[in-house]
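Asker: This is the structure I have questions about; it appears just below.
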Amino acid sequence: MDFERKTYSLDHLASADIPMRGVSETLYRAALERVGGTLCRAAAERLSEIEEERHILIVTGFPIPPKNVCETDGPPGAAVLAYTLRDVGLKPILVTDKPCEPVVRGIIEDEFPVELISVERDRAERQCEELLNRYDPAAIVSIERPGWNVKGEYHTMRGYNISDLIGKTDHLFLKARERGITTIAVGDGGNELGCGLIEETVRRHVPNGDRCQCPCQAGIAASTPADILVIAATSNWGAYTISAALAELKDVEYRHDGKRELRLLERVIKAGGVDGVTGEPTLTVDGLPTLVNQFVVELLWTIATA
Ligand SMILES: [Zn+2]
């Protein structure tokens, strides 16, 4: 199967607006313009060039109020990417914050190290510096991780301020960029880390993008960019497309089908996670019924293994 055709189909399926939020197509096109080619292909090619044994930081976890626990979108994508990176000889390290720690640890069943970044700004900055020094990562990948806006504030899609909850992982991306370390991001709404690459599009087209519901009044649009931004309708799907494309490039098996998706979601719920749209502890992602999400994952697997 031709790699360009395969990654084109993966990109288009993952960004199809099945959750019907109304912004996927616009954000996808903006990212395509900035990245300059099929998104999962660009991300996978960059990762495929890294020499074996290097560390890759995967930043994930979006805490959802009022329970302040991690949502089901993010950690499954991070887990599948981590397994794929290990299969190709790289060393993944997961990074999150205190509210999301149980779900992130639970989903990878403690197979990889998990590092926590503080909600406190100065402390977070020092921790991020220290992580880069300790692991000397070849790349940092964020998957459905909150990203701060131009005023350094974090928001939900509905425009509410959640800065007190969020470990300030934006420092990781900003410092990585200063050091010339590759940054790759996966997002679906425009308020995620890395979506600064298409900030103007988010401001124009996403509800609350330009003006939030909190006193900062600067909008939910994330301001920190990534080198490569993968936009999907649900971020897990975007992470699966990167994993599938990387598996193809490195000739390893891509195994994440619908059945495995269900097992990952069961781990998230067991660890206390909730659906990011409904806030309920159900085997759903972004409000999509379990079977619909599983079916998309099965389709991605079908394309990936064709
Ligand atoms: Zn605000």
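The values are calculated or read from the model by the stated rules, or taken from the named source; none is laboratory data. None of the values given here were measured: they were computed from a predicted structure. Here the Cβ positions follow ideal geometry from the backbone for every residue, glycine too, while neighbour counts run over all protein chains shown.
One line per residue, one yes/no per condition, for (1) crowded, with 18+ Cβ neighbours inside 10 Å; (2) modelled with pLDDT of 95 or more; (3) closer than 26 Å to Thr282 by Cα:
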position: Ala82; (1), (2), (3): yes, yes, yes
position: Leu85; (1), (2), (3): yes, yes, no
position: Val104; (1), (2), (3): yes, yes, yes
position: Glu125; (1), (2), (3): yes, yes, no
position: Asn133; (1), (2), (3): no, yes, no
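Asker: Tell me, please, whether a residue that is surrounded by 23 or more Cβ atoms within 10 Å (Cβ to Cβ), within 25 Å of Cys128 (Cα to Cα) and within 16 Å of the ligand (Cβ to nearest atom) can be found in region 229-241.
Answerer: no
Matching residues to (1) in contact with a Gly (Cβ under 9 Å, 6 or more places away or on another chain); (2) within 16 Å of the ligand (Cβ to nearest atom); (3) not charged (D, E, K, R):
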position	(1), (2), (3)
Gln217	no, yes, yes
Ser223	yes, yes, yes
Lys250	yes, no, no
Ala271	yes, no, yes
Thr278	yes, no, yes
Gly287	yes, no, yes
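Asker: Are any residues in region 115-148 in contact with an Asp or Glu (Cβ under 9 Å, 6 or more places away or on another chain) and either within 11 Å of the ligand (Cβ to nearest atom) or assigned to a loop (DSSP other than H, G, I, E, B) (or both), and if so, which ones?
Answerer: Selection gives Ile117, Ser118, Val119, Ala138, Glu144, Arg145, Gly147, Trp148.
Asker: I need a count of the residues in region 154-192 that are among the aliphatic types (A, V, I, L, M) and within 16 Å of the ligand (Cβ to nearest atom). Can you show your working first?
Answerer: The first filter runs over region 154-192 and keeps only residues among the aliphatic types (A, V, I, L, M), leaving 157, 162, 165-166, 172, 174, 176, 181, 184-186.
Still in the list and also within 16 Å of the ligand (Cβ to nearest atom): 157, 162, 165-166.
Going through region 154-192 one residue at a time, the tally reaches 4.
Asker: Residue check: is Gly77 without any contact (Cβ under 8 Å) to a residue 60 or more places away in the chain and either closer than 18 Å to Leu264 by Cα or assigned to a loop (DSSP other than H, G, I, E, B) (or both)? Quick ask: steps written out before the conclusion?
Answerer: On the way: without any contact (Cβ under 8 Å) to a residue 60 or more places away in the chain: no; either closer than 18 Å to Leu264 by Cα or assigned to a loop (DSSP other than H, G, I, E, B) (or both): yes.
When the stated conditions are applied, Gly77 does not pass them.
Asker: Now for a separate question. Can you tell me how many residues in region 35-61 are under 18 Å from the mean Cα position of the chain (by Cα) and either assigned to a helix (DSSP H, G or I) or surrounded by fewer than 18 Cβ atoms within 10 Å (Cβ to Cβ) (or both)?
Answerer: 10
Asker: Which number in (1) in a helix (DSSP H, G or I); (2) more than 16 Å from the ligand (Cβ to nearest atom); (3) crowded, with 21+ Cβ neighbours inside 10 Å marks the one condition that Arg267 misses?
Answerer: (3)
Asker: State all residues of region 212-245 that are part of a loop (DSSP other than H, G, I, E, B), in contact with a helix residue (DSSP H, G or I) (Cβ under 9 Å, 6 or more places away or on another chain) and of a type outside the set (Gly, Ala, Ser); if no residue qualifies, say none.
Answerer: Matches in region 212-245: Ile220, Thr224, Asp227, Thr234.
Asker: Sticking with this one: Might you let me know whether region 193-202 holds any residue that is in a helix (DSSP H, G or I), within 16 Å of the ligand (Cβ to nearest atom) and of a type outside the set (Val, Ile, Thr)?
Answerer: yes
Asker: Show the residue pairs that are 6+ apart or on different chains and have beta-carbon atoms under 7 Å apart, the first residue being within region 199-215 and over 16 Å from Arg21 (Cα atoms), the second being outside any loop (DSSP other than H, G, I, E, B) and more than 11 Å from the ligand (Cβ to nearest atom).
Answerer: The qualifying pairs are Asp210/Arg203.
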